[in-house]
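Trainee: Please see the structure below; I have some questions.
The values are calculated or read from the model by the stated rules, or taken from the named source; none is laboratory data. All figures in this text were calculated on a predicted structure; none of them were measured in a lab. FYI the Cβ positions are ideal-geometry reconstructions off the backbone, even for glycines, and counts take in every protein chain you see. Areas reflect the complete protein model, heavy atoms only, side chains present, ligands, DNA and RNA absent. Shrake-Rupley method; radii C 1.70, N 1.55, O 1.52, S 1.80 Å.
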Amino acid sequence: MSSFAFETGEDFAIAMDERDPLKTYRERFLFPKTADGGDFIYFCGHSLGLQPKTAAAYIEQELKDWAQLGVEGHFRATNPWMPYHKLLTERTAALVGAKPLEVVVMNSLTVNLHLMMVPFYRPTRARHKIVIERGAFPSDQYAVKSQILFHGFDPATSLIELTPLPGEFCLRDEKIEALIEHSGDEIALIMLGGVNYATGQAYDMAGITRAGHARGCVVGFDLAHAAGNLPLKLNEWGPDFAVWCSYKYLNGGPGCVAGCFVHERHARSSELPRFAGWWGHDERARFEVGPDFRAMPGAEGWQLSNPSILSLAVLRASMDIFSEAGMQRLRTKSVMLTSYLEFLLNQRSSSSFSIVTPQEKDRRGAQLSIRIPKNGHALCERLMQEGVAGDWREPDTFRVAPVPLYNSYRDVFRFVQRFNAAIESAAQ
Ligand SMILES: Cc1ncc(COP(=O)(O)O)c(C=O)c1O
């Protein structure tokens, strides 16, 4: 996208917004307000997406049905609660490039990661290692280390952390594949983020899956920063499982019910061990209080509990908007917005900050990670007080994401103005 002729003036941003086919979607979200009543420049959708204006009505419907019907709402609510999660299946499948059989919304991300490691991390003496990124999100680190310990192994010898070359911040694809090639027969599970939460680097999920499977490894992805950010083709790429949360790019609200993918080749496997619960049991017999568990085929068979309907209601509100906008159109705009942000930031050569996210569009999503070695945290807090939301990751990273669903070119322009002013005043 660097070949696109971006311009530095605000009139360029205004003209781009006028031409933007997705420009009206901004109106469908609630922006936090500054002290003088203006909208925040909200570049924090990689952390918590904004609230759809329709969310309250979707929740209200369920509260009304609950008030009027009580327990009968499970079967007689406007959208009966018993199969409510299925209202999200088709759209979730489309979002991640899966078949409906392969996806389910349930639990939260880390819970799903643990649940997936029950069938998919089965270490033996010869093959017991898990590959993650060095500096993977802490919850992922805790989850994989605790699984290694749970199986009687030692993270010191069973965890491989992929590390960038000295002086670099991102991993090289060829280095990931070389490690898999070299150590493949000791690796039980490769578990990477689709997009690294700190650097914003997107990995070659198809290539990693191919390389891992060729060496007999199980492959899973944490798509927290990829779902709703990048077009995904999980069925085609073929990882064994994937998990993601719904409160970032998917705008499902804080702590929203999460997503889970299990590839169709495992849909009817009776050999895979699982931690079972009644919501994963054959739905035709869910209320027959029999003692024997019979798993639903596909991802639904990994459910444990009846899900939070109020949380799913918000996710429906959001996914209705998301599906209407369409992932491909969102990605087209996202590539432009992020490239424009990069272009404007690069107008100023400064030793005070640098962008660590890869420049190639195929190696990143919406997020840019800006490394600010000195006083960056204070700068980020100052911007937040001024109504400019990004977030800070220790030790030195300011993460910002212009989100194509509700951010504009003008937001990008104004963000860079404010950012430059903050950098200048921090230098004085
Ligand atoms: C990459 C990644 N993994 C895991 C998590 C943890 O998510 P949860 O609290 O929903 O389990 C997050 C949360 O931001 C994340 O960014």
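Trainee: Can you tell me how segment 1-147 classifies by the Cα gyration tensor, rounded, prolate or oblate, using a/c under 1.5 as the rounded cut?
Mentor: Judged from the Cα gyration tensor, segment 1-147 comes out oblate (a/c at least 1.5, b/c at or above a/b).
Trainee: Using a basic spin-label model with each label point 7 Å from the Cα along Cα→Cβ, how many nm lie between residue 414 and residue 382?
Mentor: Roughly 2.0 nm, to one decimal.
Trainee: Moving to a separate point now. Defining a contact as two alpha carbons under 8 Å apart and six or more residues distant in sequence, what relative contact order in percent does the chain show?
Mentor: Details: 774 pairs, mean separation 98.2, N = 428.
The normalised contact order for the chain reaches 23 percent.
Trainee: Which of rounded, prolate, oblate describes segment 110-241, given a ≥ b ≥ c as roots of the alpha-carbon gyration tensor eigenvalues and a/c under 1.5 marking rounded, otherwise prolate only if a/b is larger than b/c? Mind dumping the intermediate values first?
Mentor: Details: a/c = 1.30, a/b = 1.24, b/c = 1.05.
Rounded.
Trainee: Could you order 333, 233, 145 so the one with the most accessible surface comes first? Probe is 1.4 Å.
Mentor: Greatest to least solvent exposure: 233, 145, 333.
Trainee: Just from the alpha-carbon atoms, what are the Rg and Dmax of segment 159-206 in angstroms?
Mentor: 11.0, 30
Trainee: Hey, another quick one. Using DSSP to call loops (not H, G, I, E or B), can you name the GluC sites (Glu not before Pro) in segment 249-287 whose Cβ has at most 10 other Cβ atoms within 10 angstrom?
Mentor: Answer in residue order: 271.
Trainee: May I pose another question? Where only protein heavy atoms count, and the probe is 1.4 Å, what is the accessible area per residue for segment 315-418 in Å²?
Mentor: Value for segment 315-418: 38 Å² per residue.
Trainee: Given a Förster distance of 25 Å, report the FRET efficiency between residue 347 and residue 34 from their Cβ-Cβ distance, rounded to the nearest 0.05.
Mentor: Computed FRET efficiency for residue 347 and residue 34 comes out at 0.45.
Trainee: So what's the convex hull volume per residue for the Cα atoms of segment 179-267, in Å³?
Mentor: With only Cα atoms used, segment 179-267 gives 102 Å³ per residue.
Trainee: Rounded, prolate or oblate: pick one for segment 226-335, where a ≥ b ≥ c are the square roots of the eigenvalues of its C-alpha gyration tensor, a/c under 1.5 means rounded, and failing that, prolate if a/b is larger than b/c, else oblate. The partial results should precede the final answer.
Mentor: Values: a/c = 2.89, a/b = 1.60, b/c = 1.80.
Taking the square roots of the gyration eigenvalues as a ≥ b ≥ c, segment 226-335 is oblate.
Trainee: Let me ask you something else. Take the alpha carbon atoms of segment 177-208, find their center, do the same for segment 289-314, and report the distance between the two centers in whole angstrom.
Mentor: Using only Cα atoms, the two centres lie 30 Å from each other.
Trainee: Can you pull out the trypsin sites (Lys or Arg not before Pro) in segment 148-216 whose DSSP state is coil and whose Cβ has at most 15 other Cβ atoms within 10 Å?
Mentor: Hits after loop and neighbour filter: 172.
Trainee: Out of 358, 291, 83, any idea which swings most in a Gaussian network model of the chain, alpha carbons joined below 10 Å?
Mentor: Of the options given, 291 has the highest mean-square fluctuation.
Trainee: Projecting each Cα onto the charge dipole of segment 2-100 (Lys/Arg +1, Asp/Glu -1 at the beta carbon, about the Cα centre), which of 51, 61, 41 comes out farthest on the positive side?
Mentor: Farthest along the dipole direction, towards plus: 61.
Trainee: Amide H neighbours of residue 355 under 5 Å, at least 5 residues apart or on other chains, H built in the peptide plane: list them.
Mentor: 371
Trainee: Okay, moving on. Using only the Cα atoms, what convex hull volume per residue in Å³ does segment 10-86 have?
Mentor: With only Cα atoms used, segment 10-86 gives 160 Å³ per residue.
Trainee: Same structure again: So what is the 222 nm mean residue ellipticity for the chain from helices alone, if each DSSP H run of at least 4 adds -39500 (n - 2.57) and you divide by all residues, rounding to the nearest 500 deg cm²/dmol?
Mentor: Numbers: 14 runs with 157 residues, N = 428.
That calculation yields -11000 deg cm²/dmol at 222 nm.
Trainee: Another question, if that's okay. Using the charge dipole of segment 294-428 (Lys, Arg: +1 at Cβ; Asp, Glu: -1 at Cβ; taken about the Cα centre), state which of 308, 330, 422 has its Cα farthest towards the positive end.
Mentor: Final value for the positive-end residue is 330.
Trainee: Still on this structure: For the residue pair residue 111 and residue 391, what label-to-label distance in nm results when each label sits 7 Å from Cα along the Cα-to-beta-carbon direction?
Mentor: Using points 7 Å along Cα→Cβ, the separation is 2.0 nm.
Trainee: Give, in whole angstrom and from largest to smallest, the semi-axes √(5λ) of the equivalent ellipsoid of the chain, with λ running over the eigenvalues of the Cα gyration tensor.
Mentor: After scaling each eigenvalue by five and taking roots: 36, 29, 18 Å.
Trainee: Whenever you get a sec, compute what percent of the accessible area on segment 1-143 sits on carbon and sulfur atoms (1.4 Å probe). Don't jump to the answer; show the numbers that get you there.
Mentor: Values: 4030 of 7080 Å².
Carbon and sulfur together cover 57 percent of it.
Trainee: Roughly what % of DSSP beta bridges within the chain run antiparallel, to the nearest 5?
Mentor: 55 percent
Trainee: Okay, moving on. Contour minus end-to-end for residue 14 and residue 204, with contour as 0.36 nm per residue of separation and end-to-end as the Cα-Cα distance?
Mentor: Extra length from residue 14 to residue 204 when fully extended: 64.9 nm.
Trainee: Taking the Cα atoms of segment 278-428, report the difference between the largest and smallest coordinate on each principal axis, in whole Å and largest first.
Mentor: That works out to 72, 32, 27 Å along the principal axes.
Trainee: Tell me the per residue accessible area of segment 19-86 using a 1.4 Å probe; a whole number in Å² is fine.
Mentor: 55 Å²
Trainee: Further, regarding this structure: Out of the GluC sites (Glu not before Pro) in segment 1-104, which ones are loop residues according to DSSP with at most 14 other C-beta atoms within 10 Å?
Mentor: 7
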